[in-house]
Amino acid sequence: MFQLFQYFYVAILTLCLGTALYHWKQLDATYRWLKYLVAITWLVEAWGFYHLWHLKKVAHGIFHGFTPIEYALLALYFAATIRNGRVKQLIYVSILLHVVLSVLNTIFFQPIQGVNSNSFLLMAFFLVAWALFYFYEMYLLDEPWTVYRNPDFWVATGVLFFYGGSFFVMGLIELVRRYDLELARQLYIINLILNMAYYSLLIVGFKLKIGTLLRG
């Protein structure tokens, strides 16, 4: 069952990458950060699954390096999307802060050969905050009839859904794995489901963005 969910996740991530590659030239400006993210994520996950399926071990090291990159790209997307100048500045500061704390976490708390949950949880906290602020700005615009046609709405929804859910799931997994590794493995299926929903919503965002560019 666990491996089946992994296959579904890889398929949806690959479809998301294919969508980004097909529309690579059009997905520029704010969406360039997202297309870079999807491309790098696919490579990292491919390496991670190779280690897991063929070498029978988790490639923790690559995720230590990837998490700050993942956060930086998504944060830059929100910085380009959010209108409030002070929040933009906070986002830029948070990128540097996340890099510094991730390095310190690897050195002092979670070595590179182990999990990198602290850095992920910090990233999830920040991204949920930026997604919520984006929705707040949408609320202030008072144009609910345009929501379903707004590509940024679907991207922010995906970010809020995935990172908000993963914040609690990953925290729970870290508690459970100390006592029951098999239960922790089963709980990780929830994270795969959240990933599938997240990249599906990114595909919707990409398609709507392309439609907007073609119309305008």
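Here are the numbers for the structure shown:
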| read-out | value |
| --- | --- |
| Hull-based mean projected area of the chain, where the convex hull spans the alpha carbons, in square nanometres | 12.3 nm² |
| Stretchable slack from L141 to F108, in nm (0.36 nm times residue separation minus alpha-carbon distance) | 7.4 nm |
| Heavy-atom accessible area order for F109, F167, F49, largest first, 1.4 Å probe | F109, F167, F49 |
| For the range 1-111, radius of gyration divided by Kirkwood radius, i.e. Rg to Rh on alpha-carbons | 1.03 |
| Most mobile of Y77, Y22, Y92 in a GNM of the chain (Cα contacts under 10 Å) | Y22 |
| Mean separation of Cα contacts under 8 Å (6+ apart) over length of the chain, as relative contact order % | 25 percent |
| Within the range 7-30, backbone nitrogen closer than 20 Å to the virtual label 7 Å beyond the Cα of R185 toward Cβ | 7-10 |
| Radius ratio Rg over Rh of the range 162-216, counting only Cα atoms, Kirkwood formula for Rh | 1.28 |
| Residue-averaged 222 nm ellipticity for the chain, from DSSP H runs of 4+ at -39500 (n - 2.57), nearest 500 | -29000 deg cm²/dmol |
| Neighbourhood net charge (9 Å Cβ-Cβ; Lys/Arg +1, Asp/Glu -1) for I82 | +1 |
| Estimated FRET transfer efficiency (Q89, A46; beta-carbon r; R0 35 Å; 0.05) | 0.45 |
| Of W130, W47, W154, the one that fluctuates the most in a GNM where the chain has Cα springs shorter than 10 Å | W47 |
| Charge tally in the Cβ shell below 10 Å around V115, where Lys, Arg are +1 and Asp, Glu are -1, V115 excluded | 0 |
| Length gained when the stretch Y7-F125 is fully extended (0.36 nm per residue, less Cα-Cα span) | 39.7 nm |
| DSSP loop trypsin sites (Lys or Arg not before Pro) with at most 13 other Cβ within 10 Å: longest gap in the chain | 84-177 |
| Most mobile of V93, V169, V128 in a GNM of the chain (Cα contacts under 10 Å) | V93 |
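The values are calculated or read from the model by the stated rules, or taken from the named source; none is laboratory data. Quick caveat: nothing in here was measured; it's all calculated off a predicted structure. Using ideal geometry, Cβ is built from the backbone for each residue, glycine included, and neighbour counts are taken over all protein chains shown. Just so you know, the surface numbers come from the protein's heavy atoms only, side chains and all, with ligands and any DNA or RNA stripped out. Shrake-Rupley method; radii C 1.70, N 1.55, O 1.52, S 1.80 Å.
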